[in-house]
């Protein structure tokens, strides 16, 4: 393959998704290591173009990778951002389970990250462990990535919050999707937060109940599986098992009470999580 934008050389593949592939690369002029996302021009979804616009809009925002270049050739779209370290999913794969203390400390950082994005008028809409990465060789700094599904929750013509409406399908990742997402309801800030708390339960419990569900006659198609997982999430919130920290269930219940347009009380969630750390 020729150089991308005459200076970015692909080294190795490091990831793949519905959008295409992501590679580790290098700027041959400066030797800086970068990440290069590639999406085929034939892909009708055009997630990479939307993502590049979001990165440009969030330029110089804490916890957001810097976009270095976006462009295309006859076959592909390309986006170059700074290379990051391991994702929370990769670390979870290695350690299997996080202590509750580590989970809570992570949770506080991630709430602050989502708050930062929301204050810019955006919702991520695909909050999951793969989309949070540490800085290279620095576990004190964490970034959020993959803004392909991201959108504004502000209508720029009226300068008001978007209206709640039905969607055609589930937006995001089924495992961490909010109950509203399962009901095909337009997502807002509350849904990012609900996904985050499912993720924290996943970290400290090792897995989520619905991840261990085998495909049966009860879940043999997409619609049935969607409804089945939704019911399991409702059951977990209403009657949590003993191994799930009640502090996280409390936060999910608070999020579930939020109205579509309502701003989450980030500081209250952080206060609840910090209260646990103080007692340790």
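In table form, for the structure just shown:
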read-out: Scan of segment 29-72 for residues that are without any contact (Cβ under 8 Å) to a residue 60 or more places away in the chain, more than 21 Å from the chain's Cα centre (by Cα) and over 18 Å from residue 133 (Cβ atoms), ordered by number; value: 29, 30, 31, 40, 41, 42, 43, 44, 70, 72
read-out: Residue satisfying all of: in segment 90-131; touching a helix residue (DSSP H, G or I) at 6+ places or on another chain (Cβ under 6 Å) and either assigned to a loop (DSSP other than H, G, I, E, B) or not assigned by TED's automatic domain parsing to the domain that holds residue 173 (or both); nearest to residue 275 (Cα to Cα) among these; value: 98
read-out: Unmet criterion (only one of (1) surrounded by fewer than 23 Cβ atoms within 10 Å (Cβ to Cβ); (2) touching a helix residue (DSSP H, G or I) at 6+ places or on another chain (Cβ under 9 Å)) for residue 168; value: (2)
read-out: Positions within segment 155-176 being touching a residue at least 24 places away in the same chain (Cβ under 8 Å) and under 30 Å from residue 36 (Cα atoms), in sequence order; value: 170, 171, 172, 173, 174, 175, 176
read-out: Which listed residue is modelled with pLDDT of 95 or more, out of contact with any strand residue (DSSP E or B) (no Cβ under 6 Å at 6 or more places or on another chain), in a helix (DSSP H, G or I) and surrounded by fewer than 18 Cβ atoms within 10 Å (Cβ to Cβ), from 229, 244, 234, 201; value: 234
read-out: Considering residues of segment 10-56 that are within 21 Å of residue 122 (Cβ to Cβ) and part of a loop (DSSP other than H, G, I, E, B) only, the residue modelled with the lowest pLDDT; value: 18
read-out: Residue check for residue 103: touching a residue at least 24 places away in the same chain (Cβ under 8 Å) and surrounded by 21 or more Cβ atoms within 10 Å (Cβ to Cβ); value: yes
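The values are calculated or read from the model by the stated rules, or taken from the named source; none is laboratory data. These figures come from a predicted structure and were not determined experimentally. Counting neighbours? That spans all protein chains shown, and the Cβs are built from the backbone with ideal geometry, glycine included.
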